[in-house]
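Encoded as structure tokens, the structure appears first; notes follow it.
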Amino acid sequence: MKKIFEYSAFQIVEKIRNGELSSLEYINALFDRIKEVDSKIHAYLTVAKDMALDEAKEIDEKANKGEHLGSLCGVGMAIKDNICTESIRTTCSSKSLSNFTPSYDATVIERIRKEDAIILGKTNMDEFAMGSSTEYSFFGPTINPYNDERVAGGSSGGSAAAVAISEATASLGSDTGGSVRCPASFCGVIGLKPTYGLVSRYGLIAYANSLEQISPIVKDVRDLAILLNCIAGHDERDSTSLKVVKDDYTRFIGNDIKGLKIGVPKELFGHGTNKHVLKRVWDAIHVLEDLGASYTEISLDSLEYALASYYIIANSEASSNLARYDGLRYGFRSDEVNDWSDTFSKNRREGFGQEVKRRIILGTFALSAGYYNKYYLKAQKVRTLIKKDFDKAFKKFDILASPTMPILPFKLGEKLKNPLEMYMCDLDTVPANLIGAPAISVPCGSYDGLPIGIQFIAQPFKEGSLIQVSYKLEESLQD
Amino acid sequence: MGNIKIGLEVHSQLTNLNSKLFCSCPTDYRGKEANSYICTVCMGIPGTLPVLNKKAVEDAILIALSLNSKISDKMYFFRKNYFYPDMPKNFQISQYDKAGGITLATGGYVSIPNKKVRIRRIQIEEDPARITYEGTIYKSKSSLVDYNRAGIALLEIVTEPDMESPKEARIFLQKLSSILEHLDVCHSYLEGSMRCDANISMEGGKRVEIKNISSFKEVERALNFEMTRQRNLLIKGISTKMETRHWDEIRRVTISLRIKEEEEEYRYFPEPDLVPTIITKEWVETIKDKMPELPDAHKERLIKKYELSPQNADVLVNYKLLGDFFEKCAEIYYKPGAISNWLVGDLLGYLHEKGIQLQEMKISPVHITKMLKMVDNGIISGKIAKTVLEEMIISGKMPEIIVKEKGLIRIHSDELIEQLTNKVFEENKEAVNDALEDEKAMHYLIGQVMKLTKGRADPELTNKVVRDKLIEHKKLLEKKN
């Protein structure tokens, strides 16, 4: 039988609403779990136990009085440490923000709180979300729950690992180029990057604004639908959030997929892809075929340039976004030296890690006069080309399928010496960010105890299709 | 002397907005406690995002229309990246006309006497914070940053180098300021609300940019200094370098900041947190409908309706507040010629002399019309009225109160003036004798009577009494002889 902390979110909500479960008991069980496993996993940077227990008591009171309980009532959630939480420290896993406590809640936090979710704490990540392994954290790496010698993926490694090992029932991460799908795949959970503009970025500490979305990580597809219902929707405080009619994503749960057309882009099954990964992904596609879907192998030529385009745009934006961390108004401040310029440089030199500095320098270079056209502008043109290629594909196919990660979870330290190798891991995930389309990673088996994920990409605002196909796959693989 | 070309880059705050350009902070920060008009957005606190103030765009469109500029149908914001303590984000959200950027408007012109100064482009951006120093910039141990100004909506208006003298630059700025005042979008009398960079090049020399000019008066001064400096170099056969210079207001000199060979490195790129702003024709039309009367039309109307002199009309248009004041006065008491003379001459002169801003003076149109009526009814003389006016400006008291308190009412009493005239004749016997022959001596006697009444004696009456008295005196003398 399942332990209390292992339940899915929809089960928790149901049990609390029925009066079968005390919110306090469940939240206590989660904190016991955190105490038990987190010293090994290191998913959390900050736990907010007192606040969470108070909120759990309030929910129990509400339940006793028969008052309205929100759609996420009692659900214990972990939040990536680049999403601002009022009065809970928010560090971006960086020394530069190691003492930063926001005075406000991000829009998504307001929304999940309004639906009675409980925030357990803040999770580990690559510094400023720059990385694919959560090794670039000022506070040390998160460990893969399935193998303690391997990485949890990144940059939302803490959020994925916490859900995988039931230190949280669901979590929020952010996905700039795969930062939720990668760790979801490596940790054997579900991660969805929504359509750009579907979820408000207000309160998400920016890495690359034009690419990223706050993204849910969950144990099963039903939870995903509930959570997405809660966080999606226009926000006046984010000019890039879109005014679309809100869908009810739970209505896609259980719909059959007969006649569903799947495109399989060969560029996302490149030479470097691990053969065990290939096998599991193809197995999954065949499962869908058995359920009445059909697939066709296709080619999207422009994908060859996706990774280069992604890193130029992301780093360019990052170089500007991170300019504000000078330690003068908030954040880490080193000892004062001479004048403003020296103090400022010292704060930044000591506040940022190596990978962050590398990306700032790359981005600064790409935006410099004389190089702007050659790099940034060209990258944007490539982005347009890729979008056109996908638009064409989506005229013929409902969804595209590929491996989420071309490789199995790698060993800690394995790719730290070669940043390019680390960047290559994002090959299959970055296209969705470049074109603003929704993409999901769903577990599709494992090899040697290491989880493997399949990625589905749909047209913008077709999260419903992703939920539909993912649920069917999940159902089949559980049987 | 070679030809001079002057171009200006005017930064004008949109002072009539209720909130900053990208957040809801209020804009009336002047005189408020430092760093009290700030929020998470204008301080660039991690995670916050800018939201464009639509009214700012509307005000900017209104300005662009009044300058005959072409409004873009779509505009973008760009980030201008540089590290400086006055920038909470270490970049400024601005606009850019290169790298695929489109600013709010391009083209247009401002008419000044004998020419049109062409506008190159108009763009919207956020104002940086204010930096102050303890004492001077050179001696201060630290820089103090007040972020109240950070994020205020700022319009940058860039001209072509069409002005040919520092004076012309001043005239252009006066006209521009008057236009903005008429639009009721920027009140240039607010400290630091209009600032200016200037570039000047002389035939045979390179283009020099002067930064940090805080007011229009300083623009003419800075340009005059720079003109002389460059001319002296050219006479000596030294070519001026392409450079940026800083105007030191206190020492009244320009100082070289940097020699620039190419464009500065600002790493411009499109602001990813904002979407392109679509400006539809319909939107522009609704803004156009709100276009108020502009200076040229205003001047024409003043001349036609009130038969004012073009000189007076010019002043009333340049000082729009005074122009409005004038019309209110004329509505109460229809003596437009006299009113305009009083306002343009005595009132403005006194304000300038005392360094008082128009909006600081304590009088209403009723003060002026009451005063004028008193003059017209012979209660006070024109000369006394000037004293009354000055007192009104300072204290705000009504003219009849001032006249009463100070005993300034004109003396019409024949008896009293005769008494005083007798006294003067007694005390100035020699002058009386001279006055029989000499007109000048007679005026001296009249003056003495006026003096005894502190100017309150009715001049005509006094004139008559003194003349009569002299004739009487002459007759007496003739009898004696």
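I need the full set of residues from the range A:323-344 which are facing another protein chain (nearest Cβ under 9 Å) and not in a loop (DSSP other than H, G, I, E, B), in order please.
First, the residues of the range A:323-344 that are facing another protein chain (nearest Cβ under 9 Å): A:323-326, A:328-331, A:340-341, A:344.
Scanning the range A:323-344 gives A:ALA323, A:ARG324, A:TRP340, A:SER341, A:PHE344.
Quick check on A:GLN380: is it outside any strand (DSSP E or B), surrounded by fewer than 20 Cβ atoms within 10 Å (Cβ to Cβ) and either modelled with pLDDT of 95 or more or charged (D, E, K, R) (or both)? Please lay out each step first, then the result.
Working: outside any strand (DSSP E or B): yes; surrounded by fewer than 20 Cβ atoms within 10 Å (Cβ to Cβ): yes; either modelled with pLDDT of 95 or more or charged (D, E, K, R) (or both): yes.
So A:GLN380 fits the description; yes.
Filter the range A:173-199 for residues that are under 25 Å from A:SER8 (Cα atoms) and within 14 Å of chain B (Cβ to nearest Cβ) and give the result. I'd like the intermediate steps shown before the answer.
The initial filter retains those residues of the range A:173-199 that are under 25 Å from A:SER8 (Cα atoms), namely A:173-175, A:178-195, A:198-199.
Matches in the range A:173-199: A:SER174, A:VAL199.
Would the range A:221-237 turn up any residue that is over 21 Å from the mean Cα position of the chain (by Cα) and within 14 Å of another protein chain (Cβ to nearest Cβ)?
Taking the range A:221-237 as the starting set, the residues that turn out to be over 21 Å from the mean Cα position of the chain (by Cα) are A:236-237.
In the following step, the residues that additionally are within 14 Å of another protein chain (Cβ to nearest Cβ) were identified as A:236-237.
Checking the range A:221-237: at least one residue is over 21 Å from the mean Cα position of the chain (by Cα) and within 14 Å of another protein chain (Cβ to nearest Cβ).
Would you check if B:LYS211 is in contact with a His (Cβ under 6 Å, 6 or more places away or on another chain) and not aromatic (Phe, Trp, Tyr)? Walk me through how you get there before you give the answer.
Numbers: in contact with a His (Cβ under 6 Å, 6 or more places away or on another chain): yes; not aromatic (Phe, Trp, Tyr): yes.
Yes: the conditions hold for B:LYS211.
When residues of the range B:239-298 are filtered for being assigned to a strand (DSSP E or B), surrounded by fewer than 12 Cβ atoms within 10 Å (Cβ to Cβ) and within 14 Å of chain A (Cβ to nearest Cβ), how many remain?
1
Kindly provide the set of residues from the range A:409-422 that are at pLDDT 95 or above and crowded, with 21+ Cβ neighbours inside 10 Å, ordered by number.
Of everything in the range A:409-422, those that are at pLDDT 95 or above and crowded, with 21+ Cβ neighbours inside 10 Å turn out to be A:PRO409, A:PHE410.
Sort out which residues of the range B:136-170 are in contact with a strand residue (DSSP E or B) (Cβ under 6 Å, 6 or more places away or on another chain), among the polar types (S, T, N, Q) and touching a residue at least 12 places away in the same chain (Cβ under 8 Å), and write them in order of number.
From the range B:136-170, those in contact with a strand residue (DSSP E or B) (Cβ under 6 Å, 6 or more places away or on another chain) are B:140, B:143-146, B:149, B:151-152, B:154-164, B:169; that's our starting set.
Checking the rest, the ones that are also among the polar types (S, T, N, Q) come to B:140, B:143, B:159.
Within the range B:136-170, B:SER143, B:THR159 qualify.
Return the residues of the range B:129-150 that are buried (at least 18 other Cβ atoms within 10 Å of the Cβ) and within 14 Å of chain A (Cβ to nearest Cβ); say none if nothing qualifies.
Of the range B:129-150, the ones buried (at least 18 other Cβ atoms within 10 Å of the Cβ) are B:129, B:145-150.
Selection gives B:ALA129, B:VAL145, B:ASP146, B:TYR147, B:ALA150.
Yes or no, residue by residue, for (1) within 22 Å of A:MET422 (Cα to Cα); (2) modelled with pLDDT under 95; (3) within 14 Å of another protein chain (Cβ to nearest Cβ); (4) within 23 Å of the chain's Cα centre (by Cα):
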site: A:LYS243; (1), (2), (3), (4): no, yes, yes, yes
site: A:ILE253; (1), (2), (3), (4): no, no, no, yes
site: A:GLY259; (1), (2), (3), (4): no, no, no, no
site: A:GLY270; (1), (2), (3), (4): yes, yes, no, no
site: A:TRP282; (1), (2), (3), (4): no, no, no, no
site: A:ALA306; (1), (2), (3), (4): yes, no, no, yes
site: A:TYR311; (1), (2), (3), (4): yes, no, no, yes
site: A:SER320; (1), (2), (3), (4): no, no, yes, yes
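Conditions: (1) more than 12 Å from every other protein chain (Cβ to nearest Cβ); (2) in a loop (DSSP other than H, G, I, E, B). B:PRO50 meets all but one. Number of the miss?
Among (1) more than 12 Å from every other protein chain (Cβ to nearest Cβ); (2) in a loop (DSSP other than H, G, I, E, B), B:PRO50 violates only (1).
When the residues of the range A:201-210 are narrowed to those that are facing chain B (nearest Cβ under 9 Å) and buried (at least 24 other Cβ atoms within 10 Å of the Cβ), which ends up farthest from A:GLY76 (Cα to Cα)? Write out each step before concluding.
From the range A:201-210, those facing chain B (nearest Cβ under 9 Å) are A:201-206, A:208-210; that's our starting set.
Of the ones still in play, those that are also buried (at least 24 other Cβ atoms within 10 Å of the Cβ) are A:201-206, A:208.
Values: A:ARG201: 22, A:TYR202: 22, A:GLY203: 20, A:LEU204: 20, A:ILE205: 22, A:ALA206: 25, A:ALA208: 28 Å.
Step by step, filter the range A:201-210, then rank; the result is A:ALA208.
Is there any pair with a first residue in the range B:242-255 that is closer than 11 Å to B:VAL208 by Cβ and in the same structural domain as B:ILE200 (by TED's automatic domain parsing) and a second that is surrounded by 15 or more Cβ atoms within 10 Å (Cβ to Cβ) and hydroxyl-bearing (Ser, Thr, Tyr) whose Cβ atoms are under 7 Å apart and which are 6 or more apart or on different chains, and what are they?
B:ARG245/B:THR254
Can you find, within the range B:240-255, the residue that is modelled with the highest pLDDT among those that are under 13 Å from B:GLN230 (Cα atoms) and of a type in the set (Lys, Arg)?
B:ARG245
If the requirement is being over 25 Å from B:THR387 (Cβ atoms) and basic (Lys, Arg), which of these qualifies: B:LYS454, B:LYS440?
On the way: B:LYS454 fails: over 25 Å from B:THR387 (Cβ atoms).
None of the other options fit; the residue is B:LYS440.
Condition check ((1) of a type outside the set (Phe, Trp, Tyr); (2) over 20 Å from A:MET405 (Cβ atoms); (3) touching a residue at least 40 places away in the same chain (Cβ under 8 Å)) across all residues:
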position: A:GLY254; (1), (2), (3): yes, yes, yes
position: A:HIS276; (1), (2), (3): yes, no, yes
position: A:ASP283; (1), (2), (3): yes, no, yes
position: A:LEU288; (1), (2), (3): yes, no, yes
position: A:ALA293; (1), (2), (3): yes, yes, yes
position: A:ARG324; (1), (2), (3): yes, yes, no
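Determine whether A:TYR375 is more than 28 Å from the chain's Cα centre (by Cα), of a type outside the set (Asp, Glu) and more than 9 Å from chain B (Cβ to nearest Cβ). Steps first, please.
Numbers: more than 28 Å from the chain's Cα centre (by Cα): no; of a type outside the set (Asp, Glu): yes; more than 9 Å from chain B (Cβ to nearest Cβ): yes.
In short, no.
Taking B:LEU308 as meeting all but one of (1) in a loop (DSSP other than H, G, I, E, B); (2) buried (at least 20 other Cβ atoms within 10 Å of the Cβ); (3) not assigned by TED's automatic domain parsing to the domain that holds B:LEU348, write down the number of the exception.
(3)
Is it the case that some residue within the range B:69-89 is in contact with an Asp or Glu (Cβ under 6 Å, 6 or more places away or on another chain), away from chain A (no Cβ under 14 Å) and at pLDDT 95 or above?
Among the residues of the range B:69-89, not one is in contact with an Asp or Glu (Cβ under 6 Å, 6 or more places away or on another chain), away from chain A (no Cβ under 14 Å) and at pLDDT 95 or above, which makes the answer no.
The values are calculated or read from the model by the stated rules, or taken from the named source; none is laboratory data. Predicted model only: the values in this text are computed from it and were never measured. Cβ coordinates were reconstructed from backbone atoms using ideal geometry, including for glycine residues, and neighbour counts include every protein chain displayed.
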